[in-house]
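What follows is a short report on a single structure.
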Amino acid sequence: MATDRAGSMLDRFRAAQQGPIALLRRLAGEGRLPAPWQGRRPGFSAALRAAGAPAVIAEYKRASPSRGVINLDLTPADVARMYAEGGAACLSVLTEKAHFQGDLRFLEDMAFAGLPLLRKDFLLDPLQVAETAATPASALLLIMRMFPGAAQVRGMLDACRGFGLEAVCEVFDEADLVVARQAGAGIIQVNNRDLDRLETDLSISRRLAPLKGQGVGELWISASGLDAPEQLEEMAGLGFDAVLIGTSLMSTPDPGAALGRLTAVARTRSAP
């Protein structure tokens, strides 16, 4: 069971969701859940495949439990523009408030860039899928280790399909991958940062990469700890379709320029 291995940090993330979920349940009971977004949602996985490996999901991340404040000077709109100019295929947007200083409104602030948006949060309840559907997000994150098992993940995936959202199923190890596949995941994100201990190790992606071939049509993402062109080149060589990069970009005055430099070198090296 996924939660049997959850550590204190994941427990804190889970506990922080209880208030927002309770509010959503009250709104649902009163018939006041926000209506689904009526605008265009660009395809998340389609954009990554079109970009070619290593496609980059660039993240807007203001703070984190491991680093504290990262960058509060740039607005969501600033970063969306910079990342679009820097060649990002998609944008990841931290919306969790308690530990990452995120906000759901950031999704709308960044939609003007025209890139698919991934809502990155610690989502546990189908009502949070409905909440996401009221934003311009194209996809949302589901962390396998935060669910009791595949049945609960499957319920979240069903809710996503009902709203036309894609789901990125995050795994840390082989057991998480089993849960994701049992639930019917189509997008697998291997997180090199174990959220139980907040430690980062690229060997997690290296170890799990050979298992990609066991899934039919899956799109794989390597996330966390990536900040050098040779690492992007390595992940593409291992079979990852995309990488997610946040902290190393957001730690610079111009995240878009940093992204441009990173991907230019990586693509030059991987060119035939």
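Values in this text are rule-based calculations from the coordinates and carry no lab data. Keep in mind that this is a model prediction, so the values were computed, not measured. Cβ coordinates were reconstructed from backbone atoms using ideal geometry, including for glycine residues, and neighbour counts include every protein chain displayed.
Quick notes on this structure:
- Once backbone amide H atoms are built at 1.01 Å from N, Ala167 has Leu140 as its partners under 5 Å, excluding neighbours fewer than 5 places away on the same chain.
- For the chain, the residue among Ser92, Leu27, Ala53 whose Cα projects farthest onto the positive side of the dipole built from Cβ charges is Leu27.
- All Cα-Cα separations within the range 145-210 were binned at 10 Å from zero, giving a P(r) of 22, 50, 25, 4, each value a whole percent of the pairs.
- Rg to Rh, two decimals, where the chain supplies the alpha carbon set and Rh follows Kirkwood: 0.93
- Helical content of the chain, expressed as a calculated mean residue ellipticity at 222 nm, amounts to -12000 deg cm²/dmol (DSSP H runs of 4 or more residues, -39,500 (n - 2.57) each, divided by residue number, nearest 500).
- Selection of trypsin sites (Lys or Arg not before Pro), the range 40-108, meeting DSSP coil and at most 10 other Cβ within 10 Å: Arg40
- Diffusion coefficient of the range 1-156 by Stokes-Einstein, Kirkwood radius over Cα pairs, 10 °C, 1.306 mPa s: 96 µm²/s.
- Charged neighbours of Gln128, selected by a Cβ distance under 10 Å, balance to -2 (K, R count +1; D, E count -1).
- Within straight-line reach of Lys212, meaning a Cα separation under 12 Å, sit the following aspartates and glutamates at least 8 residues removed in sequence or on another chain: Glu174, Asp241.
- Only one residue of Ser64, Phe44, Ile143 has its Cα farthest out toward the positive end of the dipole of the chain, where Lys and Arg carry +1 and Asp and Glu -1 on Cβ, and that residue is Phe44.
- Percent of alpha-carbon pairs separated by more than 15 Å within the range 32-115: 61 percent
- Full extension of the chain segment joining Arg207 with Asp103 gains 34.1 nm, where the gain is 0.36 nm per residue of separation less the Cα-Cα distance.
- Its Cα centre serving as origin, the range 62-198 has a Cβ charge dipole (Lys and Arg +1, Asp and Glu -1) of approximately 60 debye.
- Fraction of the pair-distance distribution of the range 82-225 above 25 Å, Cα-Cα pairs, percent: 26 percent
- Calculated diffusion of the range 76-134, Stokes-Einstein form, Kirkwood radius summed over Cα pairs, 25 °C and 0.890 mPa s, µm²/s: 206 µm²/s
- What you get for the chain, charging only the Cβ of Lys and Arg (+1) and of Asp and Glu (-1), is a dipole of about 380 debye around the Cα centre.
- Dipole check for the range 169-229: with +1 at the C-beta of Lys and Arg, -1 at the C-beta of Asp and Glu, and the Cα centre as origin, the magnitude is about 220 Debye.
- Fewest-first sequence of Thr247, Thr95 by Cβ atoms within 10 Å of each Cβ: Thr247, Thr95
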